[in-house]
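Colleague: Quick one: this structure, given as structure tokens, is what I'll be asking you about.
The values are calculated or read from the model by the stated rules, or taken from the named source; none is laboratory data. Computed from a prediction, not measured in an experiment: that's the story for all the values here. Cβ placement follows ideal geometry from the backbone for every residue including glycine, while neighbour counts extend to all protein chains displayed. Remember, those area values only see protein heavy atoms, side chains included, never the ligands or the DNA or RNA. Shrake-Rupley method; radii C 1.70, N 1.55, O 1.52, S 1.80 Å.
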Amino acid sequence: MQTTLPELITPRTLAARWGLSEKTLERWRMTGNGPTFLKLGSRVLYRMDDVSAHEAQRTRRCTAGQSISEGIWQ
């Protein structure tokens with residue numbers, strides 16, 4: 001039986017994906033605002049599944065703040 005490892009990305013890759021600075025991601029890690037992450041020694045990595053889940057939670061249909069997943073705007 002073979003186990004599939006999760007896809008991992010670096011803060012640099014995530015910052016480029018979202019058009020943010022790595023410093024912003026660092027600040028989010030300190031305040032708990034960003035996606036969950038792995039801390040391995042001094043290295044920080046993000047699971048793509050966690051990044052995708054965070055993006056889904058932040059998806060909005062309007063500026064009123066209701067998420068699509070809440071189903072309020074359907």
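Colleague: Within the stretch 41-54, can you find the residues that are touching a strand residue (DSSP E or B) at 6+ places or on another chain (Cβ under 8 Å) and in a helix (DSSP H, G or I)?
Modeller: Met48, Val51
Colleague: Just checking, does the stretch 21-34 include any residue being at pLDDT below 95, part of a strand (DSSP E or B) and surrounded by 11 or more Cβ atoms within 10 Å (Cβ to Cβ)?
Modeller: Looking for residues that are at pLDDT below 95, part of a strand (DSSP E or B) and surrounded by 11 or more Cβ atoms within 10 Å (Cβ to Cβ), one finds none in the stretch 21-34, hence no.
Colleague: Would you check which residues across the stretch 27-43 are of a type outside the set (Phe, Trp, Tyr), under 12 Å from the mean Cα position of the chain (by Cα) and under 21 Å from Glu7 (Cα atoms) and list them? Give the derivation first.
Modeller: So in the stretch 27-43, the residues of a type outside the set (Phe, Trp, Tyr) come out as 27, 29-36, 38-43.
When the remaining residues are screened for being under 12 Å from the mean Cα position of the chain (by Cα), the result is 29, 32-36, 38.
Hits for the stretch 27-43 are Arg29, Gly34, Pro35, Thr36, Leu38.
Colleague: Of all residues in the stretch 7-20, which are assigned to a loop (DSSP other than H, G, I, E, B) and farther than 15 Å from Arg43 by Cβ?
Modeller: Within the stretch 7-20, Glu7, Gly19, Leu20 qualify.
Colleague: Would you tally the residues in the stretch 9-19 being more than 11 Å from the chain's Cα centre (by Cα) and open to solvent by 60 Å² or more (accessible area, probe 1.4 Å)? Even if it seems obvious, please write down each step before you answer.
Modeller: Step one: filter the stretch 9-19 for residues more than 11 Å from the chain's Cα centre (by Cα), giving 10, 12-13, 16, 19.
Now restrict to residues that are open to solvent by 60 Å² or more (accessible area, probe 1.4 Å): 12-13, 16, 19.
The number of residues fulfilling the criteria is 4.
Colleague: Sticking with this structure for a sec: Does the stretch 49-62 contain at least one residue that is modelled with pLDDT of 95 or more, out of contact with any Leu (no Cβ under 9 Å at 6 or more places or on another chain) and open to solvent by 70 Å² or more (accessible area, probe 1.4 Å)?
Modeller: For the stretch 49-62, residues modelled with pLDDT of 95 or more, out of contact with any Leu (no Cβ under 9 Å at 6 or more places or on another chain) and open to solvent by 70 Å² or more (accessible area, probe 1.4 Å): present.
Colleague: Which of the residues spanning the stretch 18-40 are under 15 Å from Arg58 (Cα atoms) and either out of contact with any strand residue (DSSP E or B) (no Cβ under 7 Å at 6 or more places or on another chain) or charged (D, E, K, R) (or both)?
Modeller: Residues satisfying the conditions are Trp18, Trp28, Gly32, Asn33, Gly34, Thr36.
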